[in-house]
1. Assign unit charges at the C-beta atoms only (+1 for Lys and Arg, -1 for Asp and Glu), then state the dipole size of the chain relative to its Cα centre in Debye, rounded to the nearest 20.
2. Listing L217, L101 from the residue with the fewest other Cβ atoms within 10 Å to the one with the most, what is the order?
3. For segment 126-262, build the charge dipole from Cβ charges (+1 Lys, Arg; -1 Asp, Glu) around the Cα centre, then report which of S235, P149, C167 sits farthest towards its positive end.
4. Starting from segment 117-184, pick out the GluC sites (Glu not before Pro) whose DSSP state is loop and whose Cβ has at most 14 other Cβ atoms within 10 Å.
5. For the chain, take N as its residue count and report Rg(C-alpha) divided by 2.2 N^0.38 Å.
6. Roughly how big is segment 221-302's charge dipole about its Cα centre, with Cβ charges of +1 (Lys, Arg) and -1 (Asp, Glu), in debye to the nearest 20?
7. Taking square-rooted eigenvalues a ≥ b ≥ c of the alpha carbon gyration tensor, is segment 126-262 rounded, prolate or oblate, where a/c under 1.5 means rounded and, failing that, a/b exceeding b/c means prolate?
8. May I ask you to give the average projected area over all directions of the convex hull of the Cα atoms of segment 1-75, in nm² rounded to one decimal?
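Every number in this text was worked out from the coordinates using simple rules, so none of it is lab data. Because the structure is predicted, anything quoted here is derived from the model rather than measured. All Cβ positions, even for glycine, are placed from backbone atoms using ideal geometry, and neighbour counts span all protein chains on display.
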Amino acid sequence: MKPIKNFDQLTAHLRSLNHRRKVAVVCANDEHTEYAIIRALEEGFADLIMIGDSAIAEKYTRLKDFSDRVEFVHITDSDEAAREAVRIVREGGADVMMKGLINTDNLLRAILDKEHGILPKGKVLTHLSVMQTPGYDKLLFFSDAAVIPRPTLQQRIEMIWYSINVCHQFGIEQPRIALIHCTEKVSAKFPHSLDYVNIVELCEAGEFGNAIIDGPLDVRTSCESDSGNIKGIVSPIDGQADVLIFPNIESANAFYKAMSLFANADTAAVLQGPICPVVLPSRSDSGLSKFYSLAMACLTCK
């Protein structure tokens with residue numbers, strides 16, 4: 001499989017598989033979610049279970065063109081709808097879950113429920129994003145911009161494993177993973193830079209399989225070889241990072257929002273850790289971003 005380098009290639013690859021994933025959509029009550037799910041139907045890689053107020057969802061007239069691929073579960077209470085979606089996933093009735101117009105905390109409460117949720121014991125819940133931006137010749141994954149405030153060493157290791165697995169599903173055989181900091185120097189003033197040393201050592205010992213990991217590195221050095229050459233930095237990443245692991249949620253989220261706003265980057269993101277990928281967009285995300293996120297989830301589900 002050739003590496004998927006942009007979102008058009010992602011969509012084309014999903015079409016070529018000729019295999020539809022079942023998506024449980026919770027409270028699809030907004031136009032951006034409507035765009036995403038209808039386009040997924042048109043592209044032929046998803047069937048839908050619409051869980052929520054069917055009186056709202058049935059106003060989406062385009063859904064009638066796919067009546068054999070869409071089913072409705074009428075539940076007016078959003079918390080109950082979230083619990084029902086989780087139950088359907090847990091019992092194998094859906095491959096992907098997608099958030100519509102429901103509060104994120106409410107959906108996460110159902111996902112994380114210790115008795116009835118879908119996060120296996122010992123798994124780390126984290127947010128993995130991917131970005132297509134002008135000036136970079138491939139997709140760029142990064143984590144975590146939405147869930148883990150300040151990752152522990154073990155959480156970083158799990159984040160890296162998730163990113164490696166997703167990269168493989170995107171056809172990237174040897175992902176290059178940069179551990180991001182404001183400088184290339186290790187300092188006790190920044191404990192995450194000490195974690196980076198441990199992670200690089202694990203990688204060199206073969207812990208992460210066929211992957212290249214280095215850091216600390218700044219974003220520019222990670223994604224532009226000339227920057228490293230000017231600084232005299234020798235790194236196996238060589239300015240060709242596939243994945244950026246950020247030190248904390250503030251830096252990752254700022255990067256995410258800045259690139260979307262000022263660089264016109266297209267983005268997608270899914271939650272990793274639950275038994276299925278969860279599309280958890282912001283209410284302000286565009287329909288296109290939600291569609292790309294849904295495509296990413298359909299590619300990476302088991």
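1. 120
2. So the residues, fewest neighbours to most, are L101, L217.
3. Sorting the options by dipole projection puts first P149.
4. E173
5. In units of the globular-protein estimate, the chain measures up at 1.01.
6. Taking the Cα centre of segment 221-302 as origin, the dipole is about 340 debye.
7. Note, shape of segment 126-262 comes out rounded.
8. Directional mean of the projected Cα hull area for segment 1-75 stands at 5.2 nm².
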